[in-house]
């Protein structure tokens, strides 16, 4: 079964946008045991797109396209593929209504262009897009599968995970389990994995680093579902023993989901005061539905005066030790904890760079302080990387420290 | 003059390596005025590589390949292209000596495989590799240029800059300008663009949606640099008039960078109080180096009590109108403004869903209130989408309202 990925868009071909879609799709398809042999990208030009589609249809069994499903005149993937396959286009009344409703609910103006998105080739199926107006399309023809996905990576990825995997998986017995870890680097994790030597002829164990966390993925393929089940179970047990301190969840749950759900379950009220992360920890936690039940507030104190006024940090502490110090981190958390009705108060302060006044402290220096009724601890870290990376690592570390306190 | 980039390697096709070579080459070629129309990637398989090369030779005038020039058995780009073009391979004595010397000088052991790198198709020219053993190759055939570059990005980039640019230097020029907008959807923008009918035979105007903002890109090509300059200038003026309310910057600057730099320039101190966005606005603004000069604090009040305690919102207001109301938004901003030494106070409160107590208010309802010394205004919005999207749209909208106040 040969698969080809076609990414469509002038912005890719002009070198304005790095093509991450074919990287994502190749990785996911490899995990499913699908052999990708070709990537093709082409600009928004119907003639060239047509030739690319024809070539792909001649040599591949599964064709996945991304891009060109939007409402604008540049978007023509559906139309060109219909022509190549000699299929007429048909207005889908349900989809038209669906799109109209999205606009009515959003109080947006629907342009004539948007109606275009309700057309599909006769005999094809829409694939639901839960976060955008452009639905995907699934076509079966001459024993080949053609799957049209939107170009924006967020929409494409969600659609792939929600719908396309099932469409493709139909003919295989394959199972995967993911174990999600935090607080251990990918290379350390990988060398410990290699020593365990877990791969079998049915089953492989892979690692994927994602935003400060590492996913360990067990993939097993066999005709016999029981063999798959047993091998995954055994390997999972070994991994759980080896990496127990670092495991925060399974099957790609978010760290923030785990934390909010633990807080809700244990009826723990959390408050934050953030300096270096400037609201990022709070922003992540409040992404979880129901966060308002347990997440009380975050005081983002980006100026010295705000640390004094909002949290009662002493002026002398700031003068003597600086705003990035264990003393300031402690007074921030203490002030937050004493002034409010919280079960856990966490503070974070650090230097993200580039360039700063205090020449004696290194960029990447970060303090986190956690205070509860019967626990007080200040942690010190030295993170590597640029401003964005240091802030991201600080955010993940703070979330991990919260997780360890409440787990 | 049509150009095609072919990247060769199983690691790309399997999703192990992100393909940055075609991104780099497309960008550089666009700057040179070369029209890239196709990207193709293929695994290390001679049969498939052959078919890809044949297709490229039929449709493109310049073909640039990367990868498959190394000493191992997987490396076969040179050999396959020689076969497709029906050229014999010849040992180049100078190159053989050259490679031998590299090994002697480097105190490395030369394997038999390395001799392979001294072979080239008859009539072709080597391209010097100053940091690796694999030379590039330049072939001219049927008025077409075929350029073989090594896969490792460092070697490929250096070779491109040092030698390839001169080989393919174009006969015409190209220039691009981007105008970045916020507050207008891509489809509305595009229908207004269509009415303006700006495309000429030299110049095209394209749109790209990115995270709540839309980029308008003007691309102009001609032999005469003055024609390009004038056409871009004219079109830019028309676009600036048509979309003046929505333009926040040029050439893909970030909205948050624009805001922080405007605040610094005008010495304006900003404070926020966030509910629905939970720190996301603050998190974005503090990503900009130097933000601490003008960004004072953000009070993330996620509970009702925090709104009362931190901002002085009246309990009666919350009871009577609810936390998502123009009255609460106003009291949040007012409290923040009065309690602190700010030039601008912005509050935001809304319903991100899914599911909430107040059955009378729709998910997506968001209020923003801005207070300055001589200005008070509350804005109401109805956003569409899921929780993540509503929060993202709220964030972008708040940033846009700040921009409009200070611009």
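The values are calculated or read from the model by the stated rules, or taken from the named source; none is laboratory data. Nothing here was measured: the structure is a model prediction, and the numbers come from that model. Backbone-built Cβ (ideal geometry, glycine too); neighbour counts: all protein chains shown.
For segment B:251-273, give me each residue that is exposed (fewer than 14 other Cβ atoms within 10 Å of the Cβ) and not in a helix (DSSP H, G or I).
Our first condition is that a residue be exposed (fewer than 14 other Cβ atoms within 10 Å of the Cβ); within segment B:251-273, this holds for B:251, B:253, B:265-267.
Residues satisfying the conditions are B:251, B:253, B:267.
For segment B:284-314, a residue qualifies if it is under 17 Å from residue B:325 (Cα atoms) and without any contact (Cβ under 8 Å) to a residue 12 or more places away in the chain, and the qualifying residues are B:303, B:305, B:306, B:308.
In the set (1) more than 30 Å from residue A:205 (Cα to Cα); (2) at pLDDT below 90; (3) not in a loop (DSSP other than H, G, I, E, B), residue A:30 fails one condition alone, (1). Within segment B:178-198, the set of residues being at pLDDT 90 or above and outside any helix (DSSP H, G or I) comprises B:178, B:179, B:180, B:181, B:182, B:183, B:184, B:197, B:198.
For segment A:251-289, a residue qualifies if it is modelled with pLDDT under 95 and more than 24 Å from residue B:348 (Cβ to Cβ), and the qualifying residues are A:251, A:252, A:253.
For segment A:324-339, filtering for residues that are part of a loop (DSSP other than H, G, I, E, B) and touching a helix residue (DSSP H, G or I) at 6+ places or on another chain (Cβ under 7 Å) leaves 0.
Taking segment B:274-290, which residues are part of a loop (DSSP other than H, G, I, E, B), within 26 Å of the chain's Cα centre (by Cα) and closer than 23 Å to residue B:331 by Cβ?
Just the residues of segment B:274-290 that are part of a loop (DSSP other than H, G, I, E, B), to begin with: B:275-279, B:286-290.
When the remaining residues are screened for being within 26 Å of the chain's Cα centre (by Cα), the result is B:277, B:279, B:286-290.
Residues satisfying the conditions are B:277, B:279.
Among the residues of segment A:373-395, how many are surrounded by 14 or more Cβ atoms within 10 Å (Cβ to Cβ) and touching a helix residue (DSSP H, G or I) at 6+ places or on another chain (Cβ under 7 Å)? Here the count works out to 7.
Assess whether residue B:220 counts as being within 14 Å of another protein chain (Cβ to nearest Cβ) and farther than 20 Å from residue B:193 by Cβ. Here the answer is no, as residue B:220 does not meet what is asked. Among the residues making up segment A:134-164, those that are touching a strand residue (DSSP E or B) at 6+ places or on another chain (Cβ under 9 Å) and without any contact (Cβ under 8 Å) to a residue 24 or more places away in the chain are A:140, A:152.
Residue by residue through segment B:31-44, note down the ones that are within 19 Å of residue A:55 (Cβ to Cβ) and more than 7 Å from every other protein chain (Cβ to nearest Cβ). Spell out how you get there, then give the answer.
Initially, segment B:31-44 is screened for residues within 19 Å of residue A:55 (Cβ to Cβ), giving B:36-43.
Once the filter is applied, which keeps residues that are within 19 Å of residue A:55 (Cβ to Cβ) and more than 7 Å from every other protein chain (Cβ to nearest Cβ), segment B:31-44 yields nothing.
Highlighted here are the strands (runs of 3 or more DSSP E) found entirely within segment B:80-175 that include at least 2 residues which are in contact with a helix residue (DSSP H, G or I) (Cβ under 9 Å, 6 or more places away or on another chain), in the same structural domain as residue B:50 (by TED's automatic domain parsing) and closer than 16 Å to residue B:65 by Cβ: B:119-121, B:125-127, B:136-141, B:144-149. Comparison of A:55, A:20, A:7, A:65 shows that the only residue that is under 24 Å from residue A:162 (Cα atoms) and surrounded by fewer than 21 Cβ atoms within 10 Å (Cβ to Cβ) is A:20. For residue B:248, the stated conditions hold: it is in a strand (DSSP E or B) and more than 9 Å from chain A (Cβ to nearest Cβ). Among the candidates B:308, B:363, the residue that is farther than 25 Å from residue B:265 by Cα, in the same structural domain as residue B:262 (by TED's automatic domain parsing) and outside any helix (DSSP H, G or I) is uniquely B:363. Can you tell me which of (1) farther than 30 Å from residue B:355 by Cα; (2) within 12 Å of chain A (Cβ to nearest Cβ); (3) part of a helix (DSSP H, G or I) is the one residue B:206 doesn't meet? Unmet for residue B:206, out of (1) farther than 30 Å from residue B:355 by Cα; (2) within 12 Å of chain A (Cβ to nearest Cβ); (3) part of a helix (DSSP H, G or I): (3). With respect to residue A:312, determine if the residue is at pLDDT below 95, surrounded by fewer than 15 Cβ atoms within 10 Å (Cβ to Cβ), touching a helix residue (DSSP H, G or I) at 6+ places or on another chain (Cβ under 8 Å) and over 30 Å from residue A:195 (Cβ atoms). Against the criterion (at pLDDT below 95, surrounded by fewer than 15 Cβ atoms within 10 Å (Cβ to Cβ), touching a helix residue (DSSP H, G or I) at 6+ places or on another chain (Cβ under 8 Å) and over 30 Å from residue A:195 (Cβ atoms)), residue A:312 does not qualify. You will find that of B:216, B:227, the residue that is assigned to a helix (DSSP H, G or I) and in contact (Cβ under 8 Å) with a residue 12 or more places away in the chain is B:227 and no other. Checking the stated criteria, residue A:12 turns out to be assigned to a helix (DSSP H, G or I) and touching a strand residue (DSSP E or B) at 6+ places or on another chain (Cβ under 9 Å).
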